[in-house]
Amino acid sequence: MNNQTFTETYYISRDKGNSVKWQRGRKEKCLPMWIADMDFKDDERVIEALKSFIEKGDYGYANLPEDYYKVFIGWHQRRNNVTYKQEWIRFTKGAVDAMYQIIYSFTEEKDGILICTPLYPPFKATIEECGRKVYESKMINNDGYFTFDYKDIERKLRSGKVKMMMLCSPHNPVGRVFKKGELEELFDLCQKYHVLICSDEVHSDIIMPDQEFIPALALKKYRNNIISIVAASKSFSLAVFSHSHVIIPNQRLRKKFIECQRKHHSGSVNAFNALPTYYNYLYGEEWLDCVNNVIFENYHYFADQLGSDMEMTSLEGSYLLFLNLGKYAKKKNAAEVLKKECGLLVNDGGTFAKGYESWVRINLATSMKNIRKAVRNIRKLVK
Ligand SMILES: Cc1ncc(COP(=O)(O)O)c(C=O)c1O
């Protein structure tokens, strides 16, 4: 299916419902391009399968579909060349819930946790809410291409106070799909200083055609020191179902996690909320490939139109583009300027790290029509 046909078939007007993204757009009279979900409805076969579950009316206690694990494992083998085992998999109510549970399971109060910023704000918020201490390593920005600052990371790990590193891979908001060598250098440092790695990989299905995603657990050498958060929630825009997986190959760590889940009565899986993940892994592959193509085209259009006027990330993964409007926002908060002067709602770069107030994060998972409108509106500022 080409991009135009895909958009004609799957784009949904969300402006009249309860969508968090579009409700705020309506209230502020802006085109909403903030928050990370998509303006496309799910594949017809997935909707049909869900309908048939609903229509049966049997809403008693339920187990997962018998082949849930087989389908989940098959997806990750096929798409990302990584083999997870059934017994490694635990469930949480979304990826942020997974972060909380991982922090509580593997660190103590006041322990240090390292993050590389700018970064999706709940990482920092969660660490702080759990009473742990944030160690922030600013990534190196080379004209919109962000990389780890290994020297700074090592300095922080050497202190002995950091017990865990929370990685976002692919990275939100800088759009990086890290190369094998980059991950290895990072993981070597973590291993050297006995720092556990938690890798949030919820954006791993949105990968631009010229990129290869490397799941942390595909690097076998480090397996005993890694916990991954994996979900279909970003891939197929399933945020409302709050369903996520935590993958822990190491038996000792897994036992600890299960114990913590038991204490908080939180390990059981919601079999209904798991269904959209299951059906999408079964039927949604072609849909996902189309979405990736649409995002790639949207990104190229956006970058071709505005890339020479402002600094922006080169999108490798996710549908989130990070751009610097410093030249035009004139020391004001760039997200506010875009709202007031361009009628666009985006995420404020300052929420991803201090010092990024002239940056904004824009969501490209929408129709080309909306992308063109956003570009036209930003052009007003550039002129
Ligand atoms: C990297 C990352 N992790 C977690 C989340 C939130 O996931 P959930 O809604 O499942 O808690 C997001 C949402 O944008 C995200 O970008």
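The values are calculated or read from the model by the stated rules, or taken from the named source; none is laboratory data. Owing to the predicted nature of the structure, the values given are computational and were not obtained by experimental measurement. Positions of Cβ are backbone-derived with ideal geometry, glycine not excepted, and every protein chain shown enters the neighbour counts. Ligands, DNA and RNA are excluded from the accessible area calculation, which covers all protein heavy atoms including side chains. Shrake-Rupley method; radii C 1.70, N 1.55, O 1.52, S 1.80 Å.
Which whole-number percent gives the relative contact order of region 50-184, counting Cα pairs below 8 Å spaced six or more residues apart?
Details: 128 pairs, mean separation 26.0, N = 135.
RCO, region 50-184: 19 percent.
Once R0 is set to 30 Å, what does the formula 1/(1 + (r/R0)^6) return for the Cβ-Cβ distance between Glu8 and Asp58, expressed as a FRET efficiency to the nearest 0.05? Walk me through the numbers on the way to the answer.
On the way: r = 36 Å, r/R0 = 1.19.
FRET efficiency, Glu8 to Asp58: 0.25.
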statement: accessible surface per residue for region 68-283, probe 1.4 Å, DNA/RNA/ligands not counted, whole Å² -> 41
task: Starting from the Cα of Asp188, step 7 Å toward the Cβ, then list every residue of region 128-151 with an amide N under 17 Å from that point.
output: 148-151
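Could you tell me what percent of the accessible area of the chain is made up of carbon and sulfur, with a 1.4 Å probe and every protein chain present? Walk me through the numbers before you get to the answer.
Numbers: 8390 of 17360 Å².
With neighbouring chains kept in place, the figure for the chain is 48 percent.
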- prompt: To the nearest µm²/s, what D does Stokes-Einstein give for region 68-283 at 25 °C and 0.890 mPa s, using the Kirkwood radius over alpha carbon pairs as Rh?
  reply: 141
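Which three semi-axes in whole Å describe the equivalent ellipsoid of region 52-166, each the square root of 5 times a Cα gyration tensor eigenvalue, listed largest first? Write out the running numbers ahead of the final one.
Numbers: eigenvalues 254, 74, 42 Å².
Semi-axes, largest first: 36, 19, 15 Å.
Hey, any idea what the orientation-averaged projected area of the convex hull of the chain's Cα atoms comes to, in nm²? Before the final figure, lay out each step's value.
Details: hull surface 75.0 nm².
Seen from a random direction, the Cα hull of the chain projects 18.7 nm² on average.
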message: Quick check: with the 1.4 Å probe, what order do Tyr10, Tyr150 take by accessible area, largest first?
response: Tyr150, Tyr10
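With the contact rule set at Cα under 8 Å and sequence spacing of 6 or more, what percent relative contact order holds for the chain? Numbers along the way, then the final one.
Values: 686 pairs, mean separation 84.4, N = 383.
Reported as a whole number, the value is 22 percent.
Considering only DSSP beta bridges whose two residues both sit in region 68-283, what percent are antiparallel, to the nearest 5?
Values: 10 of 29 bridges.
In region 68-283, DSSP labels about 35 percent of beta bridges as antiparallel.
Could the peptides 75-81, 304-310, 52-58 be put in order, highest first, of the mean number of other beta-carbon atoms found within 10 Å of their residues?
Values: 75-81: 16.7, 304-310: 14.9, 52-58: 9.3.
Order by mean packing, descending: 75-81, 304-310, 52-58.
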query: Between region 9-29 and region 328-376, what is the C-alpha centre distance in whole Å?
result: 17
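If you take every residue apart from Glu357 with its C-beta less than 11 Å away from the C-beta of Glu357, what net charge results, scoring Lys and Arg +1 and Asp and Glu -1? Before the final figure, lay out the partial values.
Working: positive: Lys331, Lys332, Lys354; negative: Glu336, Asp348.
Here the charged neighbours net out to +1.
Order 326-335, 108-117 from most to least packed using the mean count of other Cβ atoms within 10 Å. Present the calculation step by step, with values, prior to reporting the outcome.
Details: 326-335: 16.7, 108-117: 18.8.
Averaged packing, sorted descending, gives the order 108-117, 326-335.
If each residue of separation counts as 0.36 nm, what is the full-extension length gain between Glu286 and Lys221 once their alpha-carbon separation is subtracted?
On the way: separation 65, 0.36 × 65 = 23.40 nm, distance 3.27 nm.
Computed gain between Glu286 and Lys221 is 20.1 nm.
If R0 is 22 Å, what FRET efficiency do you get for Tyr301 and Gln211 from their C-beta distance, rounded to 0.05?
So the FRET efficiency works out to roughly 0.75.
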field: Between region 284-323 and region 260-277, the Cα center-to-center distance that results, in Å
entry: 33
statement: If every Lys and Arg gets +1 and every Asp and Glu gets -1 at its Cβ, then about the Cα centre the chain yields a dipole, in debye to the nearest 20, of 1200
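Report the full-extension gain for the segment His264 to Arg376: residue separation times 0.36 nm, less the Cα-Cα distance, to one decimal in nm.
Gain in length upon complete extension: 35.3 nm.
Sum up the lysine pairs in region 1-107 that clear both bars: alpha-carbon distance under 17 Å and a spacing of 8 or more or different chains. Don't jump to the answer; show the numbers that get you there.
Numbers: Lys16/Lys27; Lys16/Lys29; Lys16/Lys41; Lys21/Lys29; Lys21/Lys41; Lys41/Lys51; Lys70/Lys85.
Close lysine pairs found across region 1-107: 7.
Nearest 5 is fine: what % of DSSP beta bridges in the chain come out antiparallel, could you say? The partial results should precede the final answer.
Working: 21 of 42 bridges.
Given both bridge residues lie in the chain, the antiparallel proportion sits at roughly 50 percent.
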- prompt: Which values of log₁₀ I(q)/I(0), to two decimal places, follow from the Debye formula for region 61-122 at q = 0.22 Å⁻¹ with a uniform point scatterer at every Cα?
  reply: -1.06
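Divide by every residue of the chain the summed helix terms, -39500 (n - 2.57) for each DSSP H run of at least 4, and state the resulting mean residue ellipticity at 222 nm, rounded to the nearest 500 deg cm²/dmol. Mind showing how you got there, number by number?
Numbers: 14 runs with 157 residues, N = 383.
Calculated at 222 nm, the ellipticity per residue is -12500 deg cm²/dmol.
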